[in-house]
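We did not get these values from a lab; they are worked out from the coordinates using the rules stated. Source: prediction; values computed, not measured. We place every Cβ from the backbone using ideal geometry, glycine too, and count neighbours over all the protein chains shown.
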Amino acid sequence: MTEILNVAVVGATGVVGEAVFEILAERKFPVGEIHALASERSVGKTVAFGNRQLCVQDTSSFDFSTVQIGFFSAGADVSAEYAPKATAAGCIVIDNTSRFRFEDEVPLIVPEVNGNKISDYRAKGIIANPNCSTIQMVVALKPIHDAVGITRINVATYQAVSGAGKNAMQELARHSAAMLSGKSTGIRGDEGYKQIAFNAVPHIDEFQDNRYTKEEMKMVWETKKIMDDESINVNPTAVRIPAFFGHSEAIHIETRDKISAAQVCKLMREAPGVELIDGTEAGQYPTARTDASGTNPVYVGRVREDISHPKGINLWVVSDNIRKGAALNSIQIAEILVKNYL
Ligand code: A2P
């Protein structure tokens, strides 16, 4: 077993990259050398790793043969260019972009759900980290699927802007400040999206031929792959809301066999990575800002039997999209790699 690993973080100046450093330090991952990589633009900047400051290096001139693990979160195009170079140099890539998720030979991993599939990394040297919205949904739903079989998932998401990166966070701050100063006219979202401040925008990633967005279709494709069940029907609507951290999801499932709300709560209490906050008094439910932001669990609440369907269950599922939805999930994958495979 390898004791100490050299690590590179690609996208080190981004919102996920920063969280990767924070969580590696927090969980005392056995890091030897650690490299902060970004674009040429960031050379000269520093990023924090515990109480150290790391100088940012240019990804394009980095020698990946000096590291054993690379955490990639600089977008799909950067992964397309540099992940193959990294794996050719013997570095295992844990990729947090959509670039490789649907390749048959690349495992798509949520440790609580299909951690046993990590061994498949050997085919290409790449492990894909799923989309943030998918991760928190499958962590909550896997125990129910195992118990009674989920046939259909209807889900509406309420997603924080950090999922779209630092620029989107700055845009929300800027536009909110402008609105509060009375400058409410003429504010448009960047890149053709509608204004996010004081709004809810049903558009994340590109529209597809079937009129769903790519974010929505990621939830469809990824759920089937992670649960290893092509028969699960998934019907998502993905919505961006003016929150900085934490995605929320209203999930409505239909099951093969009937399950009560009490039985679902029992499963949630025992489920790895899940915390149940479920009552009918004011405040007895999780929210992104007050519970999820800055923490690790997937929170579940508002568990109810669907009054419109004999085998329907409703849940409200909340998690920090940058932690469990991205950086933490990647590091959990790396921890299993270190423990079982390296
Ligand atoms: P940089 O700051 O140098 O542009 P976010 O998701 O928060 O927007 O962050 C995106 C991350 O991806 C940043 O660290 C950014 O670095 C990095 N990145 C963007 N383009 C490239 C590139 N061509 N090569 C390497 N890293 C890149």
Query raised in the report: Summing Lys, Arg as +1 and Asp, Glu as -1, what charge do residues with Cβ under 10 Å from the Cβ of ALA200 carry, ALA200 excluded?
Result: +2
Requested in this report: Take the Cα pairs of the chain, get the Kirkwood Rh, then feed it into Stokes-Einstein at 10 °C and 1.306 mPa s and tell me D in µm²/s.
Outcome: 77
**Report entry** Distance in nm between pseudo-label sites at LYS214 and ILE307 (7 Å out along the Cβ direction from Cα)
**Finding:** 4.1
Report task. Considering the options ILE187, HIS35, ALA83, tell which one lies farthest towards the positive end of the dipole of the chain, charges being +1 on Lys and Arg and -1 on Asp and Glu at the Cβ, about the Cα centre. Result -> ILE187
**Report entry** Relative contact order [Cα under 8 Å, 6+ residues apart], the chain, whole percent
**Finding:** 18
Requested in this report: Return the FRET efficiency for the residue pair LEU342, ALA89: r is the Cβ-Cβ distance, R0 is 22 Å, and the value is rounded to the nearest 0.05.
Outcome: 0.85
Query raised in the report: Which of the peptides 54-60, 148-154, 207-213, 326-332 is most tightly packed, and how do the rest follow, going by the mean number of other Cβ atoms within 10 Å of each residue?
Result: 326-332, 148-154, 54-60, 207-213
Query raised in the report: Along the charge dipole of region 1-71, which of SER61, ILE4, LEU24 sits closest to the positive end, that is, farthest toward it, with unit charges on the beta carbon of Lys, Arg, Asp and Glu (+1, +1, -1, -1)?
Result: LEU24
Report task. Determine the distance separating the Cα centre of region 162-224 from the Cα centre of region 225-252; give it in Å without decimals. Result -> 16
**Report entry** Exposure proxy ranking, count of Cβ atoms within 10 Å, fewest first, for PHE198, PHE29
**Finding:** PHE198, PHE29
Report task. Largest first and in whole Å, give the semi-axes of region 267-342's equivalent ellipsoid, each being the square root of 5 times a Cα gyration tensor eigenvalue. Result -> 29, 16, 10
Report task. For the chain, give the share of DSSP beta bridges that are antiparallel, in percent and rounded to the nearest 5; count only bridges with both residues there. Result -> 50
Requested in this report: For a footprinting-style exposure proxy, rank GLU270, GLU171 by other Cβ within 10 Å, fewest first.
Outcome: GLU270, GLU171
Query raised in the report: For region 1-62, what is the percent of antiparallel DSSP beta bridges, rounded to the nearest 5?
Result: 30
Query raised in the report: So what is the relative contact order for region 190-342, in percent, with contacts set as C-alpha pairs under 8 Å and at least six apart?
Result: 20
**Report entry** Inter-label distance for ASP146 and ALA200, nm, one decimal - labels placed 7 Å from Cα along Cα-to-Cβ
**Finding:** 3.3
Requested in this report: Taking the Cβ of each residue in THR255, THR46, THR157 as the centre, tally the other Cβ atoms inside 10 Å and list the residues starting with the fewest.
Outcome: THR46, THR255, THR157
Query raised in the report: So if R0 is 41 Å, what FRET efficiency would VAL43 and ALA156 give, r being the distance between their Cβ atoms, rounded to the nearest 0.05?
Result: 0.45
Report summary line: Under the rule rounded for a/c under 1.5, else prolate if a/b exceeds b/c, else oblate, using alpha carbon gyration tensor axes a ≥ b ≥ c, region 1-40 is classed as oblate
